[in-house]
1. Whole angstrom only: what separates the Cα centroid of region 48-106 from the Cα centroid of region 152-183?
2. List the equivalent ellipsoid semi-axes of region 5-142 in whole Å, largest first, each obtained as the square root of 5λ for an eigenvalue λ of the Cα gyration tensor.
3. Please work out the FRET efficiency for the pair ASP105 and GLU3, using the Cβ-Cβ distance as r and a Förster radius of 41 Å; give the result to the nearest 0.05.
4. Report P(r) for region 1-70: all Cα-Cα distances, bin width 5 Å, range 0 to the bin holding the largest distance, values in whole percent.
5. Test of understanding: in a Gaussian network model of the chain with alpha carbons linked when under 10 Å, which of GLY122, GLY27, GLY40 would top the mean-square fluctuation ranking?
6. HN-Hα J couplings of region 189-195 from phi, Karplus 6.51/-1.76/1.60, θ = phi - 60°, integer Hz, Gly and Pro as x?
7. Starting from the Cα-Cα distance between GLU169 and CYS61, subtract it from 0.36 nm times their residue separation and give me the gain in nm to one decimal.
8. Using a 7 Å offset from the Cα along the Cα-to-Cβ direction at both CYS47 and ALA197, what is the distance between the two label points in nm, to one decimal?
Amino acid sequence: MTEPVGVQVGRICPQCEREDSVPLRWGLPGSEDQRLAERGLVALGGCVLLPDEPVLASRSCGLEWGREGDPTADEQALADLLRVQYADVVRALGTGWRREDAAVDDGMQWFVSGEPAQVAVGVDGVGFVLARPQTSWDGGRTDCQPTNGSRFGRDDLLWSPDVIAEVAEAIATRRRRSFRWCRTCRRAHAPESFVGAVGSCRSCASAFADVEV
């Protein structure tokens with residue numbers, strides 16, 4: 001698995017409260033580590049990795065902080081809205097949640113997971129719904145399609161996490177089946193951001209195939 005580089009989205013430094021932290025790499029640095037550190041894409045720790053060493057370093061204030069498995073700001077916000085611990089969210093819904101701005105005010109606070117987005121959860125004052133996300137090609141949410149029987153409450157999340165996980169994975173599986181591979185950037189894209197006539201995503205079609213999108 002490729003190690004993360006660059007500013008980590010959603011990781012808010014507890015000291016300076018800025019989203020400007022990069023991965024902190026431990027151990028004897030290689031030439032690639034040094035090159036990335038010079039570009040500010042990673043920070044270098046000590047040569048010896050001890051248990052519970054921090055995994056992030058703030059470029060703004062220099063604080064070394066964070067642990068593997070810590071929630072992002074959006075993931076913690078989702079847990080707070082659901083009135084559960086983050087570990088409860090992971091058991092039922094998995095990780096990788098990020099907040100989405102709704103195209104219309106439907107009374108829900110929406111979060112999506114996966115890249116491209118594969119499953120959405122909308123939270124209101126009563127409970128939450130699981131839905132299939134549908135985003136526009138520039139990343140803005142245009143619609144979410146709730147699945148029949150996909151409304152749950154806090155007790156469901158706490159006591160029936162396997163049921164929720166099964167519904168979420170079914171939604172994600174159907175969503176993934178619709179993805180298309182761009183022959184230019186060789187990445188998977190949602191169908192609404194794909195131009196079938198040229199076999200490319202909208203960004204590549206606009207940049208390289210002279211297609212207006």
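Computed from the coordinates by the stated procedures, all read-outs in this text should not be read as laboratory data. It should be emphasised that the depicted structure is a prediction, and the values quoted were computed from it without experimental measurement. Here Cβ is always computed from backbone atoms with ideal geometry, including for glycine, and neighbour counts include all displayed protein chains.
1. 19 Å
2. 33, 17, 13
3. Computed FRET efficiency for ASP105 and GLU3: 0.55.
4. For region 1-70, the binned pair fractions read 4, 19, 29, 27, 17, 5, 0 percent.
5. GLY27
6. Result, ordered by residue: 9, 5, x, 6, 10, 10, 10 Hz.
7. Residue separation times 0.36 nm, minus the Cα-Cα distance, leaves 34.9 nm.
8. So the label points at CYS47 and ALA197 sit 6.1 nm apart.
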